[in-house]
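What follows is a set of notes on a single structure, which appears directly below.
Only the coordinates and a few stated rules stand behind these numbers; no lab work does. Note that this is a predicted model, so its numbers are computed, not measured. Here the Cβ is made from the backbone with ideal geometry for all residues, glycine too, and neighbour counts use every protein chain on show.
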Amino acid sequence: MTIVKLTNLTKTYPDSGFSVENFNLEIPAGEITALLGPSGSGKSTLLKLIAGLLSPNSGDLTFDDVSVVSTPAEQRGAVMAFQNNLVFPWLSVGENVAFGLKMRGVAKATRQQQARDILTLVQLDGFENRKPSELSGGQQQRVSLARALVTQPKVLLLDEPLSNLDAHLREEMRALIKSLQEQFEITTVVVTHDQEEAVILADQIALLFDGKLHQYGQPSDFYQRPVSRRVAEFFGGVNFIEGQLQDTEFETQVGQFSVSNLKQAATFISIRPEHIKLAIETTENTLEVRLLERTFMGTYYRYRWQAEQAPTLILTSTNTQDLSIRVSEKALLHLPKEQLIVL
Amino acid sequence: MKRLTKYAGVALIVLGVLAPFIPILIWSFARRWYFPAVLPTEWSIRGWAYAFSSASRLPQALWQSLLISGVTSLLSILIGLPAGRALGLHKFRGKTLVEFLMLAPTIVPAFAVAMGIHVVFIRLGLADTMIGVILVHLVPTLPYVTLVLAGMFANYDVNYEAQARSLGATPLQTIWYVLLPSIYPGLIVAGMFAFIISWSQYILTLLIGGGRVLTLPLLLFSFASSGDNNVTAALSIIFIAPAIVLLIISARYLTGRNVSLARGN
């Protein structure tokens, strides 16, 4: 298992604004790490830097403390599976999977056997003589994964592995990637712009904005302890109340809220929709609101509330049961102290 | 019935293509063929016998033609491949100008170009040499080769190369196992273009070769102007043969290949 370490890694493109500057990250061995960020955040650049398909302007990249900056892509042992599969259309499925072995000079019989074995692992046994054009998108994705795994890489790099798949194929592919990654114990880096993809796949997430590491941690950290409003918004946070800290209370236009985290420079408090509760009587951290909209979301209900004291403040809450409140009726919301995130 | 019409149609097309060659074929075997006779009144193989005798210099001309056209095609592809790749894959400042300059040799009369080149080649000692002739043949072949390959690269995904590198292919292996299989139909077409263009060059070969470099068209013209119809006809058929062979090869290989590529995409 290989630890990948990025030290002050810098890659700039003179023509476009995209760049990664002085990037530091230690990617733990044998786990899945997601590089998450919107387009232009530099996540794909980082992946290509690790793969050796791009050379950094400066900085260092090590696999198990050995610098690989000057190692060409084909000798690096970091295999990348591209987003749109890129299964070679002029080769059969079996030849595609055996491609990396052929390049390494593995004998024909051996590489064919290994290709067959790995195709069985991705549930494509018996497909070796098919043409890629005969496969569905999901099957091509599995060929691409098998083709990368068969070379037994030190580091597996996956570029948006779930983004081209529909909902049920996503789940299948997610489970497959997880089980193969655990079986082979490969250090895996996944690049994605989709926070859901990152959360369900990764053991830890590195969130990038504008070529910089914004937050690094386990998936749950990004929901429970986002470091900024931008992070909270990227992970689906919608409720933000402006204000500032006064001693132990957070002062806002709709009243004072007790918070557990006393961050002095804070300018917002936030709460996730599922943590907002109805209150029966005015106590600590309650807020008078009027129901604006109620939407049935299939498995839960979503409510949008307008604060009585500040009509521009809209809060969203979700509940698995119908609250039996009609639109424009008044209600009292409770924002539990321990769930309030201070930003 | 439907099948019959289809075959009749194909037969008509074949006849239309081959019809102009029929008189040439007959001429190559005719001794006496005067108006109003529909077919020659006397037959002979004198034309063919002379063409293949040592006096006709056919072996020399055929060999030099094959060599010049072969090397010209090869060089055209070697130069046209990177040029076509740059034009097909990249956007850069002045691209339209480069494209125009690439095409210019097809617009400017070859004679004008060759006159200027001739002066330079005399100074460089390239005039009257086979290398000089090959170099000047590149002038008309390169635009076609580059444009055919540029078209091929316009539909080429370079990420395939990155994917191959990442899977462990060296740069050379990437060219051999990824680039060439991807653009192979374009390479064949471009190579054949270059071969045929070079094969049928007359003025450029005459000017730069100065008569010392003898190719098939030069030999053919000398017999045609001397009025010897039998030998001219026999040589014409030999001259046309490679074009027909290349046409058959391309029809056999390229159609099937293109279909599978189109499906692949």
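Of the residues B:231, B:245, B:146, the one whose Cα sits farthest towards the positive end of the charge dipole of segment B:56-254 is B:146 (charges of +1 on Lys and Arg Cβ, -1 on Asp and Glu Cβ, taken about the Cα centre).
Between residue B:91 and residue A:183, the distance separating the two model label sites (each 7 Å from Cα on the Cα→Cβ line) works out to 4.4 nm. Taking θ as phi - 60° and the Karplus parameters 6.51, -1.76 and 1.60, the scalar couplings of segment A:215-228 work out to 8, 10, x, 6, x, 5, 4, 6, 8, 8, 9, x, 7, 8 Hz in sequence order, x denoting glycine and proline. Computing FRET efficiency as 1/(1 + (r/R0)^6) for residue B:17 and residue A:12, where r is the C-beta to C-beta distance and R0 is 45 Å, gives about 0.15.
As a check on your grasp of the helix formula, calculate [θ] at 222 nm for chain B: sum -39500 (n - 2.57) over DSSP H runs of n ≥ 4, divide by the residue count, round to the nearest 500. Helix-only estimate at 222 nm: -25500 deg cm²/dmol. Backbone phi angles across segment A:161-171, fed through the Karplus curve with coefficients 6.51, -1.76 and 1.60 (θ = phi - 60°), yield HN-Hα couplings of x, 10, 5, 8, 10, 7, 3, 6, 5, 4, 4 Hz in residue order; Gly and Pro are listed as x. In the protein assembly as shown, what percentage of the DSSP-assigned beta bridges are antiparallel, given to the nearest 5? The antiparallel fraction comes to roughly 75 percent. Given R₀ = 41 Å, what would the calculated FRET efficiency be for residue A:125 paired with residue B:252, taking r from the Cβ atoms and rounding to 0.05? Given R0 = 41 Å and the Cβ-Cβ separation, E is 0.70.
For segment A:309-343, the residues whose backbone nitrogen is under 18 Å from a point 7 Å from the Cα of residue A:266, taken along Cα to Cβ, are A:334-343. The order of B:69, A:163, A:270, A:39, going from fewest to most other C-beta atoms within 10 Å of their C-beta, is A:39, A:163, A:270, B:69.
Determine, from the Cβ-Cβ distance of residue B:104 and residue A:24 and an R0 of 45 Å, the FRET efficiency 1/(1 + (r/R0)^6), rounded to the nearest 0.05. My answer for the efficiency is 0.25. Only one residue of B:113, B:184, B:194 has its Cα farthest out toward the positive end of the dipole of chain B, where Lys and Arg carry +1 and Asp and Glu -1 on Cβ, and that residue is B:184. Of the residues B:173, B:206, B:132, the one whose Cα sits farthest towards the positive end of the charge dipole of segment B:56-254 is B:173 (charges of +1 on Lys and Arg Cβ, -1 on Asp and Glu Cβ, taken about the Cα centre). In straight-distance terms, cross-link reach from residue A:108 covers every one of the aspartates and glutamates whose alpha-carbon lies under 16 Å from its own, apart from those fewer than eight places away in the same chain; here that gives A:95, A:117, A:128. Basic side chains Lys and Arg get +1 at the Cβ, acidic Asp and Glu get -1 at the Cβ, and with that the dipole of segment B:56-254 about its Cα centre reaches some 280 debye.
Note: relative contact order over chain A, using C-alpha pairs below 8 Å and six or more positions apart, is 16 percent.
Per residue, the average separation of C-alpha pairs within less than 8 Å and at least 6 apart gives segment B:69-159 a relative contact order of 58 percent. For chain A, the ratio of Cα radius of gyration to the globular rule of thumb 2.2 N^0.38 Å stands at 1.21. Residues whose amide H lies under 5 Å from that of residue A:249, counting only those 5 or more places away or on a different chain, are absent; hydrogens are built 1.01 Å from N in the peptide plane. Note on residue B:44 and residue B:111: their simple-model spin labels are 3.5 nm apart, each label 7 Å out from Cα toward Cβ.
Listed by Cβ neighbour count within 10 Å, with the fewest neighbours leading, B:161, A:171 appear as A:171, B:161.
For peptide B:170-182, the mean count of partner chain Cβ atoms within 10 Å of a residue's Cβ comes to 3.
Let me have the 222 nm mean residue ellipticity of chain A computed from DSSP H runs of 4+ only, each contributing -39500 (n - 2.57), with the sum over all residues rounded to the nearest 500.
Computed ellipticity for chain A at 222 nm equals -7000 deg cm²/dmol.
Put in order of Cβ neighbour count within 10 Å, fewest first, the listed residues A:225, B:165 become A:225, B:165.
Taking the Cα centre of chain A as reference, the dipole from Cβ charges on Lys and Arg (+1) and Asp and Glu (-1) amounts to some 920 debye.
Partner lysines whose Cα lies under 21 Å from the Cα of residue A:11, excluding those fewer than 8 positions away in the same chain, are identified as A:43, A:48, A:212.
For residue A:34, the residues whose amide H sits under 5 Å from its own are A:190, A:203, A:204, A:205, A:206, ignoring neighbours fewer than 5 places away on the same chain, with H placed 1.01 Å from N.
What's the extension gain from residue A:282 to residue A:306 if we count 0.36 nm per residue and subtract their Cα-Cα distance? Gain in length upon complete extension: 6.9 nm. Each Lys and Arg contributes +1 and each Asp and Glu -1, all at the Cβ; summed about the Cα centre of the protein assembly as shown, the dipole is approximately 3220 debye. For residue A:277, the lysines whose Cα comes closer than 27 Å to its Cα, not counting residues fewer than 8 places off in the same chain, are A:263, A:330, A:337.
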